[in-house]
């Protein structure tokens, strides 16, 4: 299962690393690919991952999910 999202606040390499760290805390996330230029993150997983859980992992940070790309 793949999910691709636009992330607000991800402006540099350090930001991208932090977003990856936050998303890695979500159960079911197997791999995370970041495109800093496009400000997107693609989540790869064998199990379904709820977007609400990804949103929750970013709570209290400067990052947020702007939209999911289908």
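Tell me, which residue of the range 50-70 that is part of a loop (DSSP other than H, G, I, E, B) and under 11 Å from the mean Cα position of the chain (by Cα) is surrounded by the fewest Cβ atoms within 10 Å (Cβ to Cβ)?
Here the answer is 58.
Somewhere in the range 13-24, is a residue assigned to a loop (DSSP other than H, G, I, E, B) and in contact with a strand residue (DSSP E or B) (Cβ under 6 Å, 6 or more places away or on another chain)?
Checking the range 13-24: not a single residue is assigned to a loop (DSSP other than H, G, I, E, B) and in contact with a strand residue (DSSP E or B) (Cβ under 6 Å, 6 or more places away or on another chain).
Any residue that is within 19 Å of residue 69 (Cβ to Cβ), in a helix (DSSP H, G or I) and in contact with a strand residue (DSSP E or B) (Cβ under 7 Å, 6 or more places away or on another chain) - is there at least one of those in the range 1-11?
No: the range 1-11 contains no residue that is within 19 Å of residue 69 (Cβ to Cβ), in a helix (DSSP H, G or I) and in contact with a strand residue (DSSP E or B) (Cβ under 7 Å, 6 or more places away or on another chain).
Taking into account only those residues within the range 25-49 that are in a loop (DSSP other than H, G, I, E, B) and in contact (Cβ under 8 Å) with a residue 40 or more places away in the chain, which is surrounded by the most Cβ atoms within 10 Å (Cβ to Cβ)?
Out of the qualifying residues, it is 49.
Values in this text are rule-based calculations from the coordinates and carry no lab data. If you're wondering where the values come from, they're calculated on a predicted model, not measured in any experiment. FYI the Cβ positions are ideal-geometry reconstructions off the backbone, even for glycines, and counts take in every protein chain you see.
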